[in-house]
1. Taking each pair of different alpha-carbon atoms in segment A:710-823 once, compute 1/r for the pair, average those values, and report the inverse of that mean as the Kirkwood hydrodynamic radius in Å to one decimal.
2. So how much accessible area does A:LYS933 have, in Å² to the nearest 10, using a 1.4 Å probe?
3. Could you tell me what fraction of 2.2 N^0.38 Å the Cα radius of gyration of segment A:263-340 comes to, as a two-decimal ratio?
4. Which ³J(HN,Hα) values, rounded to whole Hz and listed in residue order, are derived for segment A:196-208 from phi using the Karplus coefficients 6.51, -1.76 and 1.60 in 6.51 cos²θ - 1.76 cosθ + 1.60 with θ = phi - 60°, glycine and proline given as x?
5. With a point put 7 Å past each Cα toward its Cβ, work out how far A:ASP769 is from A:LEU207 in nm, to one decimal.
6. What's the long-distance tail for segment A:342-417, i.e. % of Cα pairs beyond 21 Å?
7. Just the accessible area for A:ASP461, please: 1.4 Å probe, Å², rounded to the nearest 10?
8. Modelling each spin label as a point 7 Å along the Cα-to-Cβ direction, I'd like the A:LYS681/A:SER309 distance in nm, to one decimal.
Amino acid sequence: MQGAYIAIGNKRYLLKLPGNQINQQNRMEYNFRAIEKKWQQHWKETEAYRVPNESNKPKYYVLDMFPYPSGAGLHVGHPLGYIASDIYSRYKRLKGFNVLHPMGFDSFGLPAEQYALDTGQHPAVTTRNNIATFKSQLNNIGFCYDWSREVNTSEPHYYKWTQWIFLQLFDSFYNRQTRRAERISVLTTAFEKEGNKSHPCPGDPVLKFTADEWENFDTARKMDVLMNYRLSYCGYGEVNWCEALGTVLANDEVVNGVSERGSYPVVKKKLRQWYLRITEYADRLLEGLESVDFSEAMKEMQTNWIGKSSGAEIEFSITNQESGVGNKLKVYTTRPDTIFGVDFMVIAPEHELVDQIKTEEQAKAVEEYITYVKSRSERERMAEKKISGVFTGAFAENPFDGRQIPIWISEYVLAGYGTGAIMAVPCGDERDFKFAQHFNIPITNIIGSYFKGDEANPTKDAILQNSGFLNGLVMKDAIEAVIREVEKRGIGVRKTNYKMRDAAFSRQRYWGEPFPIKWIDGVAYPLDEKELPLQLPHVDSYKPGPEGEGPLANIPAWTSQHLETNTMPGYAGSSWYFLRYMDPHNKEAFCDRKASDYWGQVDVYIGGTEHAVGHLLYSRMWTKALYDLGYISHDEPFRRLINQGMIQGSSRFVYRINGTNTFVSKGLLNEDGTYSERQDKVDMLHVDVNIVDGLELDIEAFKNWRDEYKDAQFILEDGKYICEAEVEKMSKSKYNTVNPDDLVQKYGADTFRMYEMFLGPVEMSKPWDTKGIEGVHRFLKKLWRLFYDEIKGKVWTEEKATDAELKVLHKSIRQIEEATDRFSFNTGVSGFMIAVNELNDLDCHKKEMLQSLLVLLTPYAPHIAEELWQQLGNEGSVLDAPYPVFEEKYVKETSKEYPVSVNGKLRTTINISLEATPAEVEKLALENEVVQKWLEGKAPKKIIFVKGKMVNVVV
RNA sequence: GCCCAGGUGGCGGAAUUGGUAGACGCAGCAGACUCAAAAUCUGCCGUUCGCAAGAAUGUGCUGGUUCGAUUCCAGUCCUGGGCACCA
């Protein structure tokens, strides 16, 4: 950059000039570093991105899923969605909207705590540092965030309101009659009047009491009952318990039944846990999907997660001799029509009846199996292909034909779903069939020829046989018949079931929101609103507390106040942050009603599918609850959702000859992956992608990369060391992360932004490859040269544009506007490239043209657009310039080069007027030499003509 | 295992409603400019056959529907995401 070209004759020389003399010359070159710095500073000083809560413009709310500020900083995968949303926000602003486009940090979480455990650094400190890094990285890219609205979930003035919302949920229940959340006081008033007959208990379905009984409950009992209704409630749940570490582990800290750190055994342990009663909202979460613009795939994932099914809960009597007689085994089935095909029962190994019903002969086998299952994660149990299980020795009686059915336990039945017990029908269910085969359990066929004995058939169309009173009925119809009969006999009920479970809402950790709850005599009391925020206390050690409790249990000052020692999970703060952005500094409320009424729903929400069923469902539930309680006026948080794909890492590897410090270039390896005639074994080692150009290793950089490679030897091919490449997750440990800062430094933010978009559709996952960025950078330089010649200086003119030039412009307006509208930013970028190429071909430097192009470009490359906009002599910022309006008349065509096929195969093209009638087109097509050749004198059977598209002659 | 998505040149991708497959860019090759390099510009660039004209073939794989399929249907393989304490 330090220099300029001068021309002598027709030759050019690059002159080295001192820094203070280059300004005027410099302007002729695309000096992106100076330009970007200048405008970022200017926009900051003029508060160009500040968004008011009052405006006569229509509002538009564009939101990114905010990041967890990890210690590794931002890598090129993060900004993909942010760039997309930034482009869209700027586009909407140009189109005249008041656009809310905020950013913040989801700053509570496990990694900061683990880091604290390892290094003793307080999570608040590391989090603050990480946020500073993230912010500077984000600002580098030139995003138009209104930073005055930044939120950090781990700051007391934010989590005060997370705690406050928790208390609202705590003080609410879901009224199934009105289908909304209502205050607990509504419930107690009802209890006083009529007991719980109008409000069946969601936490304990068999609980029934009268007004008198309620009146006579003591306080503890009353609170206990209410706990079973609250939308946030305390119960018991299983966690991954690691005795050796004395702590509870997250699922991804457990690998194959042992802890990831140290490989200690991990077992299931029941602990007191907080939950959100999201199951009460299951139906509304389903219905709400109809009113939002999410992809079908996303809706399907959420629907499947909620997993609504209907069927029946049926009781079977247990009939074995030794014990358990008189007990009932309750199963849930969606296929009661197959009741006569039940050949065995399977109950979850942790089912409460197992202990009572197992026979003495089977006791040992059962216990051994339970020990095995305890070490298994739910994931492993579901994914297991190997069939396993143990007979309990007990039998149940089929209520319809009295058949004795053996009761088994197996890991494929989970305690948490339905009743934790199933009736197995091997002729109709594949898993049951395999189980029966494996354990040689005889199979009853109730569907005649539909079942051939080699695989189960889940049909509902068969006519039932061997099925008592159902014989002759079609299965579909039998479902209803059985449910009616079951209810008539009082041995079961019709039942709607949900796969979704209540959301576990507590963690035995330090770095999360404290619960504003005090425990007194085993009863949970909420803190008063005035006591919020309940601040996280300082700790000296992040070690777990006794008996699986969190670190807070180690603090006497905390426990002496009887405060809850659990903290809230990562998703607490993220379940409502989109509301806080609307009114981030409010000290009186989580968000002023006026602000939320103005901004309403998020119009476009951009984020990854990995949040499909977690964060998105929780936010939807919180929004619905806040709506029900009258705090906001909309009950779906996100009107439209765009899923951004993941950027994967493209890892590079070097081959080292086993036991040496010599590295062999990839192409020199034998086919079997060994080296040389001696067939030396080689090790494949990760190497930092940043010291590899494409596939070619920078050998000097490699030697400096790590001490152990200082004296490395290389066996080269064609003088180069060629690396192996593989696509993997982008992660520091794989040395495949690329820092956006480096690319911005080298090519500028505008190039970086456009290149990320140019990689492909936002929704799609793709590996990162730095190589192509040059092309986008060249494009911006080419654009610059439409304005400035490096010798002649400014080259734009005030001349009137020609028709050909106007056509280029309006074609571009159409393509780019439409691409931006449908989030197809990659084709948007290519639209700019085409426009610049064509203007270049036309040698067009007319201000009229270029100016419009700059406005189109503003959302994608704001810095260069603003600079050139100013250079052209415009007043005001390009950020608010009028968006060019497409006019059809400039792009109208009169004729088209029609593709002409014979029998569907393209043979030639003919230029035909768009006015031509079908008859004229047919005539022209048949007269065509090429068509005649392919007709070989035969008459055409048919001619298909689609106006403006194609002609096909069928022989 | 279950749910969801995606497979198109050497590479990233385009083709919006079933109508010219490969836009745009990278890499590569050839050329211009240059003492040289960089930068820039021009041309070529799916595969096979052919001097060429042209022909055949080609969107993971196997079938189907259609005048016509990357696009719709059935099956299948592979890759990625999620599966409830990573965020």
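1. Values: mean 1/r = 0.0540 Å⁻¹.
18.5 Å is the Kirkwood radius here.
2. Approximately 140 Å² of A:LYS933 is accessible to the 1.4 Å probe.
3. 1.71
4. Result, rounded to whole Hz: 9, 5, 8, 10, x, 7, x, x, 8, x, 8, 5, 9.
5. Result for the modelled spin labels: 6.0 nm.
6. Details: 746 of 2850 pairs.
Cα-Cα pairs in segment A:342-417 separated by more than 21 Å: 26 percent.
7. Approximately 80 Å² for this residue.
8. Once both label points are built, they end up 4.9 nm from each other.
The values are calculated or read from the model by the stated rules, or taken from the named source; none is laboratory data. Note that the structure is predicted; figures quoted are calculated from it, not measured. Methodologically, a virtual Cβ is constructed for each residue, glycine included, from the backbone with ideal geometry; neighbour enumeration extends over all protein chains shown. Just the protein is used for accessible areas: all its heavy atoms, side chains included, with ligands, DNA and RNA removed. Shrake-Rupley method; radii C 1.70, N 1.55, O 1.52, S 1.80 Å.
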